[in-house]
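Asker: Pasting a structure below so you can have a look.
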Amino acid sequence: MRRKWKRRCGWVTYLHQALLACGHAEGIHVTLLDPDVISPTNCVRQPFSQSEIGLYKSVVLANRLNLFWGLDWEGIPERLDPKRRLDGVDIVIGCVDTRKGRAAIAKCAEDWSEVDYWLDLGNNADSGQFVLGEPLNRRNRRHKLRLRTVPELFPEVIQQELDEDDQPSCSAAEALDRQEPFVNPTLANHGLALLARLFRYGTISYHGGFLSLSSLSGLQALRIDPKYWQRLRTNANCRKLTVAHRVAEASLA
């Protein structure tokens, strides 16, 4: 099983080990795509050290995981080219922070692609969403129960003109102001738990969720229901929604 993954990849090694323990012959093979280099700010909220500043994130993470787990995963310091089709990839996991990046994934995973699933993880300061979808392509045909992807439910997530300041934080303090420390790993754990259930049982009762760290009850499941999807899309088309709004909308839809 081949997979594309951007950042937040440490947890996926446990999914790999679980598959091996359950009798899967090869587990998963991961390719990390990320052109960014490690900055001093990254060392505050991400698992990087001062000695790695200036190195490519994707290469450092791949090498580190390969050495520890005895893997042969790849780290490629490049952006995803929206003009290039994703061949030989079963699952794309996107952890991007711009609409432009999410639009590139959508372009590569749809149409003539044969990607089975696209797991999208996105967040703002203290909330976020994880959505597992089946891109409409050569492999995933039109069907009322085909899992809708994040741009199919919330079209604004790929509208590049809505992108605001996407410059990196200048300091550690600014980085913490922009994002709570545990948003990323919380979302990653929920996303991987969803994949683990799909791999183990072959079926899932939900295909994502909306998370808010501001409340202990701030997790709302994304149900597998065409009528529910239609209501979410209609609400999204009526106004620009933040993730916090989506938690509320999902509970009411």
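Asker: Determine the gain in length on full extension of the stretch S51-R142; use 0.36 nm per residue of separation and subtract their C-alpha separation, reporting nm with one decimal. Numbers along the way, then the final one.
Answerer: Details: separation 91, 0.36 × 91 = 32.76 nm, distance 4.93 nm.
Full-extension gain reported as 27.8 nm.
Asker: Could you pull out every residue, at least 5 positions away or on a different chain, whose amide H is within less than 5 Å of the one on T149? Hs are placed 1.01 Å off N in the peptide plane, and Pro or chain starts have none.
Answerer: Those lying under 5 Å, H to H, from T149 are E134.
Asker: Could I ask something else about it? Taking R0 as 51 Å, what FRET efficiency do you get between I76 and K227 from their Cβ-Cβ distance, rounded to the nearest 0.05?
Answerer: Working: r = 41 Å, r/R0 = 0.80.
It comes to 0.80.
Asker: What distance in nm separates the simple spin-label points at W69 and R200, each placed 7 Å from Cα in the Cβ direction?
Answerer: 1.7 nm
Asker: Does the range 1-127 classify as rounded, prolate or oblate by the C-alpha gyration tensor (a ≥ b ≥ c root eigenvalues; a/c under 1.5 gives rounded; else a/b over b/c gives prolate, otherwise oblate)? Can you show the working numbers first?
Answerer: Values: a/c = 1.66, a/b = 1.07, b/c = 1.55.
Here the range 1-127 falls in the oblate category.
Asker: Here is a further query. How much FRET efficiency would the formula 1/(1 + (r/R0)^6) give for R84 and S215, where r is the Cβ-Cβ distance and R0 is 51 Å, rounded to 0.05? Don't skip to the end; give the middle numbers.
Answerer: Values: r = 41 Å, r/R0 = 0.81.
Using R0 = 51 Å, I get an efficiency of 0.80.
Asker: How would the range 94-164 be classified by its alpha-carbon gyration tensor: rounded, prolate or oblate, with rounded meaning a/c under 1.5 and the a/b versus b/c comparison settling the rest? Don't skip to the end; give the middle numbers.
Answerer: Working: a/c = 2.15, a/b = 1.67, b/c = 1.29.
Cα axes put the range 94-164 in the prolate bin.
Asker: Each residue of the range 86-102 in order: what ³J(HN,Hα) in whole Hz does its phi give by Karplus 6.51 cos²θ - 1.76 cosθ + 1.60, θ = phi - 60°, with x for Gly and Pro?
Answerer: Ordered by residue, 3J(HN,Hα) equals 8, 9, x, 10, 8, 9, 10, 10, x, 10, 9, 10, 9, 5, 4, x, 5 Hz.
Asker: Taking the simple approach of a point 7 Å from Cα along Cα-to-Cβ for both E26 and W11, what is their distance in nm?
Answerer: Between E26 and W11, the label points sit 2.6 nm apart.
Asker: Same structure again: Report for the range 2-200 the percent antiparallel among DSSP-assigned beta bridges with both residues inside it, nearest 5.
Answerer: Antiparallel bridges: around 30 percent, rounded to the nearest 5.
Each reported figure results from applying straightforward, stated rules to the coordinates on display, with no laboratory input. Only a predicted model underlies this, so the values are computations on that prediction, with no experimental measurement involved. Virtual Cβ from ideal backbone geometry, glycine too; neighbours counted across all protein chains shown.
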